[in-house]
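Inspection log for the structure reproduced underneath, given as structure tokens.
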Amino acid sequence: MQHNDFNTAIRVTETPGQVFNAINNVRGWWSEEIMGPTANLNDEFLYHYKDVHICKLKLTEVIPGKRVVWLVLDNSFNFVKDQSEWKGTRIIFDISEKNGQTELHFTHEGLVPQHECYNICRDAWTNYIRNSLYQLITTGKGAPNAREDGFNEELLKKWKMQAV
């Protein structure tokens, strides 16, 4: 069986623990527009980018220095017809040591070329992982999406989240 899930990887000289901590600092590499906790098992958080993308994620696996898995609970894009494309997919960060370096293998399980959002999402994830997260790990400063106007009450009610 062929797997077409999106994958990318980076290698760094930092420790698996440092890579793990950077992954969990979601505001430091993905977006400053994150609401909710992002580091512990069963944490739920919202990601929001303008009126283009909003999703609700849950941490379903958290193994320090080894693995982080997010489950996409809900998702909405303003540029695709099928709003179910990301729902139920998993975003996986696997950390391992190889030849004196730490490798981060990123997989968005369920993000496949047949999806309308695939090319845009592939390019976005590639940038976030290979550039922003890489920079956060290696320099201490990533390049996340800047904070916007925030989450309004209507948005919070729809996504069943409370303001932090």
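The values are calculated or read from the model by the stated rules, or taken from the named source; none is laboratory data. This one's a predicted model, so the numbers in the text were calculated from it and none came from an experiment. So basically every Cβ, Gly included, is an ideal-geometry build from the backbone, and we count neighbours across all protein chains shown.
Could you list all residues from region 40-62 that are more than 19 Å from R147 (Cβ to Cβ) and free of Cβ contacts under 8 Å to residues at least 60 places away in the same chain? Break it down into steps so the answer makes sense when it comes.
Initial filter on region 40-62 (more than 19 Å from R147 (Cβ to Cβ)): 40-44, 58-62.
The answer is N40, L41, N42, D43, K58, L59, T60, E61, V62.
Does I10 qualify as being of a type in the set (V, I, T) and not in a strand (DSSP E or B)? The answer is no for I10.
For S76, indicate whether it is among the hydroxyl-bearing types (S, T, Y), over 13 Å from the mean Cα position of the chain (by Cα) and closer than 17 Å to N7 by Cβ. Quick ask: steps written out before the conclusion?
On the way: among the hydroxyl-bearing types (S, T, Y): yes; over 13 Å from the mean Cα position of the chain (by Cα): yes; closer than 17 Å to N7 by Cβ: no.
So S76 fails the test.
Residue pairs whose Cβ atoms lie under 6 Å apart, separated by 6 or more positions or on different chains, with the first residue in region 10-29 and within 23 Å of R147 (Cα to Cα) and the second surrounded by 17 or more Cβ atoms within 10 Å (Cβ to Cβ) and modelled with pLDDT under 95, are V26/I34; R27/I34.
I'm trying to understand the selection: among the residues of region 61-73, which are more than 11 Å from the chain's Cα centre (by Cα), more than 12 Å from A39 (Cα to Cα) and part of a strand (DSSP E or B)? Answer for region 61-73, where residues must be more than 11 Å from the chain's Cα centre (by Cα), more than 12 Å from A39 (Cα to Cα) and part of a strand (DSSP E or B): just L73.
Restricting region 13-60 to residues that are surrounded by 20 or more Cβ atoms within 10 Å (Cβ to Cβ) and assigned to a loop (DSSP other than H, G, I, E, B) leaves a set whose member that is nearest to the chain's Cα centre (by Cα) is W30.
The condition (being surrounded by fewer than 17 Cβ atoms within 10 Å (Cβ to Cβ), farther than 23 Å from R147 by Cβ and at pLDDT 95 or above) is satisfied by just one residue among K81, K66: K66.
Can you name the residue in region 132-149 that is at pLDDT 95 or above and among the polar types (S, T, N, Q) and, of all such residues, is surrounded by the most Cβ atoms within 10 Å (Cβ to Cβ)? Going through the qualifying residues, I end up with S132.
Hey, can you tell me all the residues within region 93-131 that are of a type in the set (S, T, Y), surrounded by fewer than 20 Cβ atoms within 10 Å (Cβ to Cβ) and assigned to a helix (DSSP H, G or I)? Hits for region 93-131 are Y118, T126.
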